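Comments concern the structure below.
Any read-out appearing in this document is the output of simple, stated calculations on the displayed coordinates, not a laboratory observation. Small disclaimer: the values here were computed from a predicted structure and weren't measured.
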Amino acid sequence: MTSTTNPPTILTALPDHTQLPESDGTFVKNFQEHPQSILLTDSITPSLQQRHPDGNYCIGQDCGIYWRLTDPPERGAESPDWFFVPNVPATLNGIVRRSYVLWQELISPLIVLEFGSGDGSEERDRKPLSRSGQEDVKPGKFWIYENVIRPAFYGIYEVSRARVEVYHLMEGEYQLVVENDRGHYPITPLGVELGIWQGRYQNMELPWLRWWDSEGNLLLTGDERAELESQRAELESQRAELERQRAQRAELQLEQLRSQLRSAGIEPEV
């Protein structure tokens, strides 16, 4: 008599953000990148808090998005300079993310922004994934975003050219977004517009990438909001002082009139 046994089933758990490298060891390209990311996050945070009062969203700044398993693991990730994901918890089980792992999170970013390096060819690289023998040829960034990570919006910002190029995923392909009459690019799901602002931020006069609301009002940073409130308070103080001085002059003029009436033998009624 013979018997057969079923071979054991091997369950391999996919790694999560705590088990994957949080950095590929490369340097930030220049001194402007971190301030630019902070500027984007700081200015849009009040708007995001209004749209997501439950706090269910996350922002990545120069963080990896893992989209496939590779050896080494870093080859299976892209690290956008800035990205936003709605409808996910800010932390995972109370732990700050080391990276954003697509097979763990399941929700794609709504918008990904790359700060162009060199001539921007890296950010526009559409080379598809291909395998030559046992060796994978890593696809281009544009291809990965369009075909795998699939954020609804992909922006390429080039500070050296003072411009931003925005793509919208439509029917599976990225289409260039046309700028509006303000020279901005509407990101309709967020109720904001993206564009270039020439000005000084963190001691650098540059064409910065910034947000506006749907009516064309610049979204301010915390420092800018505080400065605006300070100016408003100062203006209100000046108005109050002017009103006090007017009241003082009016009272003085009235007292002078009373004195003149008394000199003429007339007792004023007021």
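Structure notes:
- The chain, helix-only ellipticity at 222 nm - DSSP H runs n ≥ 4, -39,500 (n - 2.57), divided by all residues, nearest 500: -8500 deg cm²/dmol
- Across every pair of non-identical alpha carbons in segment 148-219, the mean reciprocal distance, once inverted, gives a Kirkwood radius of 13.0 Å.
- Degrees separating the helix 33-51 axis from the principal Cα axis of the chain, which is the longest one: 70 degrees
- Whole-number D in µm² s⁻¹ for segment 61-106, Kirkwood Cα-pair radius fed into Stokes-Einstein, 20 °C, 1.002 mPa s: 190 µm²/s
- Debye-formula intensities of segment 24-148, expressed as log10 I(q)/I(0) at q = 0.18 Å⁻¹, are -1.09 (one equal scatterer per alpha-carbon, no solvent).
- P(r) histogram, all alpha-carbon pairs of the chain included - 5 Å bins from 0, percent: 1, 5, 10, 13, 14, 12, 10, 6, 4, 4, 3, 3, 3, 3, 2, 2, 2, 1, 1, 1, 0, 0, 0, 0, 0, 0, 0, 0
- Cα Rg over Rh - segment 107-263, Kirkwood: 1.38
- Extent along principal axes [Cα atoms of segment 176-270; Å; largest to smallest]: 86, 29, 19
- Segment 188-241: mean projected area of Cα convex hull, nm²: 5.0 nm²
- Rounded to the nearest 10 degrees, the angle from helix 222-263 to the longest Cα principal axis of the chain is 10 degrees.
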